[in-house]
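Chemist: I'd like to ask some things about the structure below.
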Amino acid sequence: MLVLGIESSCDECSVAVVEDGRRIIAHTIATQIEQHKPFHGVVPEIASRMHTEWILPVYRRTMTEASLTIGQVDGIAVTSRPGLSGSLLVGLSFAKGLAAAAGKPFVATDHILAHLYAPRLVEDISYPFIGLLVSGGHTLICRVDGIDAISVMGTTIDDACGEAFDKVAKHFGMGYPGGVVIDRLARKGDPAAFDFPDPSLHKGEHRYDVSYSGLKTAVANQLDQFWNRGYEKSLENIAASFERAAVDMLLRRLFRAVEDSGVARVVAGGGVAANSYLRKRLAERNDIETHFPPPELCTDNGAMVAGFGYHLLSRGERSPWSENVHARVSRFRHTYP
Ligand code: KG4
Ligand code: ZN
């Protein structure tokens, strides 16, 4: 079964054709990094306008690469939630138009579930696992028991993890996207230069939650307070110390989730999952089986939508023509235990 996947929830415009939820036949990801760079973050208005310009060429390029016509595709899957409304609307409307014109079944999919499906495009992974989804828009620690069976254990109570990287980088004029620049600078710095605090959210229902606003303020406005004198106050040292604090905060909650649930298998995804310090720290845990999708499947992409959509379409799921977008999805609040 050939499924066309369309993703436009944030700043990546992507279309893919995937066979049987596994084999990527063709995949195009057009990223808007250059368009948002001057603003040090994604500007929703610009994002939706770029999707409107790009979606048709991205689709055409993918079909050319696949040597397929829409008539040869068995179904269409598209991201409809959560994400930026204006951006989501472009992909959803495009998918509806294609499906209606070609007489193909179409299904609207959940972006978070598609991210958690991404590594299954390259390897078989058994359930259950603990999902760690960290990007500019998502910060999620969850237990995953099936393709659409997830229980949210923890999330952020303020900024997303990648957003914190972007804001710190913006404050110090390091560059954009912040996570990539901080990762690079941090490799030349010493994480012992600053001791940034971990927010005390470890009790009760916040056992697996993170908070980045305090860390962001500490790094941006209270640097001297956490500075270990004797170390240089360089951008490299700031990057390394911030990165350690941001990632360790996440990993403490993640390891707690692994221990509490007894599920020693972790699947990471989202742009921050590309972080080298995060990868190194997770790899050190020989007692935990860890899976990272390749970088192009970590960030937003159409292949994960097509792969996940295949399972929905093959069990007969169809979305109505009245299907709409949703900026937020309530099920990704706490549902665990
Ligand atoms: O998944 P993604 O491409 O887009 C969404 O936000 O959905 O993630 C982008 C985020 C940005 O905040 C970026 O700064 C961060 O992921 N990021 C990283 C790294 N590469 C990208 N953060 C830390 N280390 C990296 N190597
Ligand atoms: Zn995403």
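The values are calculated or read from the model by the stated rules, or taken from the named source; none is laboratory data. Bear in mind the structure is a predicted one, so any value in this text is a computation, not a measurement. Every residue, glycine as well, gets a Cβ built from its backbone with ideal geometry; the counts of neighbours run over all protein chains shown. Note: areas computed on protein heavy atoms with side chains; ligands, DNA, RNA excluded. Shrake-Rupley method; radii C 1.70, N 1.55, O 1.52, S 1.80 Å.
Chemist: For region 102-120: of the residues being touching a Leu at 6+ places or on another chain (Cβ under 6 Å) and hydrophobic (A, V, I, L, M, F, W, C), which is nearest to Glu317 (Cα to Cα)?
Modeler: Going through the qualifying residues, I end up with Val107.
Chemist: Can you give me the number of residues within region 282-293 that are open to solvent by 40 Å² or more (accessible area, probe 1.4 Å) and under 19 Å from the mean Cα position of the chain (by Cα)?
Modeler: Residues meeting the conditions: 2.
Chemist: Residues in region 1-38 that are assigned to a loop (DSSP other than H, G, I, E, B) and in contact (Cβ under 8 Å) with a residue 24 or more places away in the chain: how many?
Modeler: Of the residues in region 1-38, 8 are assigned to a loop (DSSP other than H, G, I, E, B) and in contact (Cβ under 8 Å) with a residue 24 or more places away in the chain.
Chemist: Looking at region 141-155, can you tell me whether even one residue there is within 16 Å of ligand 2 (Cβ to nearest atom), touching a Ser or Thr at 6+ places or on another chain (Cβ under 7 Å) and not hydroxyl-bearing (Ser, Thr, Tyr)?
Modeler: Checked against the condition, which is being within 16 Å of ligand 2 (Cβ to nearest atom), touching a Ser or Thr at 6+ places or on another chain (Cβ under 7 Å) and not hydroxyl-bearing (Ser, Thr, Tyr), region 141-155 yields at least one hit.
Chemist: If I filter region 77-96 down to residues being in a helix (DSSP H, G or I) and in contact with a His (Cβ under 6 Å, 6 or more places away or on another chain), which single residue comes out as farthest from Ser9 (Cα to Cα)?
Modeler: Step by step, filter region 77-96, then rank; the result is Val90.
Chemist: Determine which single condition Ala30 fails, assuming it passes every other condition in (1) touching a strand residue (DSSP E or B) at 6+ places or on another chain (Cβ under 6 Å); (2) surrounded by 23 or more Cβ atoms within 10 Å (Cβ to Cβ); (3) small (Gly, Ala, Ser).
Modeler: If we test Ala30 against (1) touching a strand residue (DSSP E or B) at 6+ places or on another chain (Cβ under 6 Å); (2) surrounded by 23 or more Cβ atoms within 10 Å (Cβ to Cβ); (3) small (Gly, Ala, Ser), just (2) comes out false.
Chemist: Would you please list the contacts, defined by Cβ atoms under 7 Å and residues six or more apart or on different chains, that run from a residue in region 268-291 that is in contact (Cβ under 8 Å) with a residue 60 or more places away in the chain and away from ligand 1 (no atom under 12 Å from the Cβ) to a residue that is part of a helix (DSSP H, G or I) and open to solvent by less than 20 Å² (accessible area, probe 1.4 Å)?
Modeler: His291/Pro119
Chemist: Any residue that is within 13 Å of ligand 1 (Cβ to nearest atom), over 14 Å from the mean Cα position of the chain (by Cα) and crowded, with 19+ Cβ neighbours inside 10 Å - is there at least one of those in region 185-198? Even if it seems obvious, please write down each step before you answer.
Modeler: Of region 185-198, the ones within 13 Å of ligand 1 (Cβ to nearest atom) are 185-187.
Checking which are over 14 Å from the mean Cα position of the chain (by Cα) leaves us with 185-187.
Next cut, crowded, with 19+ Cβ neighbours inside 10 Å only: 185-186.
Yes, the conditions are met somewhere in region 185-198.
Chemist: Would you check if Arg207 is of a type outside the set (Val, Ile, Thr) and over 17 Å from Ala245 (Cβ atoms)? I'd like the intermediate steps shown before the answer.
Modeler: Numbers: of a type outside the set (Val, Ile, Thr): yes; over 17 Å from Ala245 (Cβ atoms): yes.
When the stated conditions are applied, Arg207 passes them.
Chemist: What's the total number of residues in region 148-163 that are within 13 Å of ligand 1 (Cβ to nearest atom) and either of a type in the set (Phe, Trp, Tyr) or open to solvent by 10 Å² or more (accessible area, probe 1.4 Å) (or both)?
Modeler: So the answer is 3.
Chemist: A further question follows. Could you check how many residues of region 298-325 are among the small types (Gly, Ala, Ser), crowded, with 16+ Cβ neighbours inside 10 Å and farther than 28 Å from Arg279 by Cβ?
Modeler: Result for region 298-325: 2.
Chemist: Right, something else. Does Leu89 count as in the same structural domain as Arg328 (by TED's automatic domain parsing), surrounded by fewer than 20 Cβ atoms within 10 Å (Cβ to Cβ), over 17 Å from Ala26 (Cβ atoms) and of a type in the set (A, V, I, L, M, F, W, C)?
Modeler: Values: in the same structural domain as Arg328 (by TED's automatic domain parsing): yes; surrounded by fewer than 20 Cβ atoms within 10 Å (Cβ to Cβ): yes; over 17 Å from Ala26 (Cβ atoms): yes; of a type in the set (A, V, I, L, M, F, W, C): yes.
Taking the combined requirement at face value, the residue satisfies it.
Chemist: Has region 164-172 got any residue that is among the acidic types (Asp, Glu) and surrounded by fewer than 20 Cβ atoms within 10 Å (Cβ to Cβ)?
Modeler: no
Chemist: Which of the residues spanning region 252-281 are under 12 Å from Leu133 (Cα atoms), within 13 Å of the chain's Cα centre (by Cα) and open to solvent by less than 30 Å² (accessible area, probe 1.4 Å)?
Modeler: Result: Val267, Ala268, Gly269, Gly270, Val272, Ala273.
Chemist: Based on this model, can you work out whether Lys280 counts as in the same structural domain as Ala193 (by TED's automatic domain parsing), more than 16 Å from ligand 2 (Cβ to nearest atom), basic (Lys, Arg) and closer than 28 Å to Leu121 by Cα?
Modeler: Spelling it out, Lys280 is indeed in the same structural domain as Ala193 (by TED's automatic domain parsing), more than 16 Å from ligand 2 (Cβ to nearest atom), basic (Lys, Arg) and closer than 28 Å to Leu121 by Cα.
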